[in-house]
1. So for the stretch 194-204 (the condition being in a loop (DSSP other than H, G, I, E, B), in contact with a Pro (Cβ under 7 Å, 6 or more places away or on another chain) and either acidic (Asp, Glu) or open to solvent by 50 Å² or more (accessible area, probe 1.4 Å) (or both)), does at least one residue qualify?
2. Inside the stretch 247-306, can you point out the residues that are touching a Leu at 6+ places or on another chain (Cβ under 7 Å), more than 14 Å from VAL216 (Cβ to Cβ) and β-branched (Val, Ile, Thr)?
3. Scan the stretch 73-87 for residues that are part of a helix (DSSP H, G or I) and under 22 Å from LYS411 (Cβ atoms) and jot them down.
4. Could you tell me whether ALA476 is closer than 20 Å to LEU148 by Cα, small (Gly, Ala, Ser) and open to solvent by 50 Å² or more (accessible area, probe 1.4 Å)?
5. Do we have LEU326 as of a type in the set (A, V, I, L, M, F, W, C), open to solvent by 10 Å² or more (accessible area, probe 1.4 Å) and on the phi > 0 side of the Ramachandran plot here?
6. List pairs: first residue in the stretch 75-94 and touching a residue at least 60 places away in the same chain (Cβ under 8 Å) and within 17 Å of TRP133 (Cα to Cα), second residue open to solvent by 100 Å² or more (accessible area, probe 1.4 Å) and part of a loop (DSSP other than H, G, I, E, B) anywhere in the structure, Cβ distance under 8 angstrom, at least six positions apart or on different chains.
7. Does any residue in the stretch 171-199 that is farther than 13 Å from GLN225 by Cα and in contact (Cβ under 8 Å) with a residue 60 or more places away in the chain come within less than 8 Å, Cβ to Cβ, of a residue that is assigned to a helix (DSSP H, G or I) and open to solvent by 20 Å² or more (accessible area, probe 1.4 Å) six or more places away or on a different chain, and which pairs are these?
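The values are calculated or read from the model by the stated rules, or taken from the named source; none is laboratory data. All values derive from a computational prediction rather than experimental measurement. With ideal geometry, Cβ positions are generated from the backbone for all residues, glycine too; neighbour counts draw on all protein chains shown. Ligands, DNA and RNA are stripped out before the accessible areas are found, and what is left, the full protein with its side chains, is counted by its heavy atoms. Shrake-Rupley method; radii C 1.70, N 1.55, O 1.52, S 1.80 Å.
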Amino acid sequence: MAFECQKSTEVSKSLAICVEKSNSNTEHLEISESLLDCYPKKGILSSLSSKQLSCNDVLLNYRRSITDLPPALISEILSCLDPQELGIVSCVSRVLNSLATENSVWKEVYSERWGLPIVPAPLGAGVSNEKSWKELFVEREYRSKIFLSRYSIDTLHGHTEAVRTVSLLASAKLIFTSGYDMIVRMWDMEDGLYIASSRPLGCTIRAVAADTKLLVAGGTDGFIQGWRAVEGLKHLFDLKGSEVPNTEFRIWEHEGPITSLALDPTRIYSGSWDMTVRIWDRSSLECIKILRHGDWVWSLVPHDTTVASTSGSDVYVWDTNSGTLLTVIHGAHVGNTYSLARSHTGDFIFTGGEDGAMHMFEITGPKPEANVFKVATWMPHSGPVYSLAFEFPWLVSASSDGRLSLVDVRKLLRTNRRSLRKNVSRVTDMDRNNVEPPQRMLHGFGPNLFSVDVGADRIVCGGEEGVVRIWNFSKALERERTARAMRGIRLENRMRRRKLQIEMSSKGGRTDQCSVAAKKNPMHGDRSGVWRNKHGMSGKLKA
């Protein structure tokens, strides 16, 4: 960074002269005219009125603080810190507190963990648009811990056969499900009520993806069925096609069943058993890229200009702009790699496979030379892991054994922007060797859970039973707040009682009854004499 004053080298020269003169018992130092011009009225010579300066004053004034730097430079330094480190820095001084609480810094931290919110208040009731990014981050971080609390289960009935796919659109509070009955159904996330359903699409639907503008479903016949959002419609999509015409479309090109779908603001991604991943333009609905694999494609997750996909037992990472292969993870699982998830930064990939294992990989380095490291492995299931979903810091898996596992990867997913810019690994050897087991297992299902999704304090899953279950943790936050309020009231009452006892003892008007009794009957007295007197008295009375 270029500074206006380029004469700071004379400061070190002056200090060297000062040290030499101090060794020779010289008391004063001659400061050059250029040094006075370089630091007018502040810095090293802020307290000087003449050109004569003592050596001790020069050495003392040279010890400058970070707050003497330009605010823009301090903000750039603070942007490299973790949230916990930012909180510590904000307690140092008022200047650092104001800089450490800037919206731009906390907005970047928030987006790295959860992405930018689509709507102004995505966190539910009580979130105001006037809140700062730091306040939103603290609240979201607090809410991320509720998956270890109590929950309620909502069961959605309506499908006549197994449910193969579920998709949770938290910003619109909608749930989309489909499966072997060939119908896409839409549900209300809050109430768990059925809203609408499509006509039978003619084949099994194995994949569904949605955002606030587009809903797509992939069938085993190789087509993609889509619905565009209708402006002004309460539930966004007209699945029946009766209210607004020309909002439904179907595109063909795949030569095998479609197993996975994903959306980003400009593209549609589809994976199929024809061993290809196709990238479509959302506006023209034309295929713009074909990524060919060596085996069936089971899952895919796009991020920015890359897309990760699973084919057979391998994991591929592609550049979507050029269509080139960046890296391959060979033999990620024993058998097929069925499921895939990715962090919001795109640097961490989670896989689940036929062997019942779950792996976490980290991608480092620039795109042409990307390196992949295995970070952690979990074995919580006794059957294949069919689906994965990730929302910081929770990795949720669904398996054929009828169980859901919840893994907190907070310690492994340390968001450190210093290492992000250097493109180096952020996981230490200690992290790799001390991988915690899943923090929670959810039971109560039949066999074969095919799909799971997470968001808005809820976990949604569907399976062979033909029902959709919603694990609702949203009320856990209210219960926790109520419990905290009750603990505060009990503590306050305890302090009041203690205060009253101290006031009563300080007045001295009423002493403790136990102490009075102790004074009248000393414990160290001659008890035998008392008993003899009593016996004597009893003898006299008898006489």
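1. Looking for residues that are in a loop (DSSP other than H, G, I, E, B), in contact with a Pro (Cβ under 7 Å, 6 or more places away or on another chain) and either acidic (Asp, Glu) or open to solvent by 50 Å² or more (accessible area, probe 1.4 Å) (or both), one finds none in the stretch 194-204, hence no.
2. THR276, VAL277, VAL301, THR306
3. Passing the criteria: PRO83, GLN84, GLU85, LEU86, GLY87.
4. It is false that ALA476 is closer than 20 Å to LEU148 by Cα, small (Gly, Ala, Ser) and open to solvent by 50 Å² or more (accessible area, probe 1.4 Å).
5. It is false that LEU326 is of a type in the set (A, V, I, L, M, F, W, C), open to solvent by 10 Å² or more (accessible area, probe 1.4 Å) and on the phi > 0 side of the Ramachandran plot.
6. Listed pairs, sorted by first residue: ASP82/ARG414.
7. Correct list of pairs: MET189/ALA170.
Per-residue answers, yes or no, for (1) more than 22 Å from the chain's Cα centre (by Cα); (2) open to solvent by 10 Å² or more (accessible area, probe 1.4 Å); (3) touching a residue at least 24 places away in the same chain (Cβ under 8 Å):
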| site | (1), (2), (3) |
| --- | --- |
| THR266 | yes, yes, no |
| GLY271 | yes, no, yes |
| LYS289 | yes, yes, yes |
| TRP296 | yes, yes, yes |
| THR310 | yes, no, yes |
| SER313 | yes, yes, yes |
| ASP319 | yes, yes, yes |
| ARG342 | no, yes, yes |
| THR351 | no, no, yes |
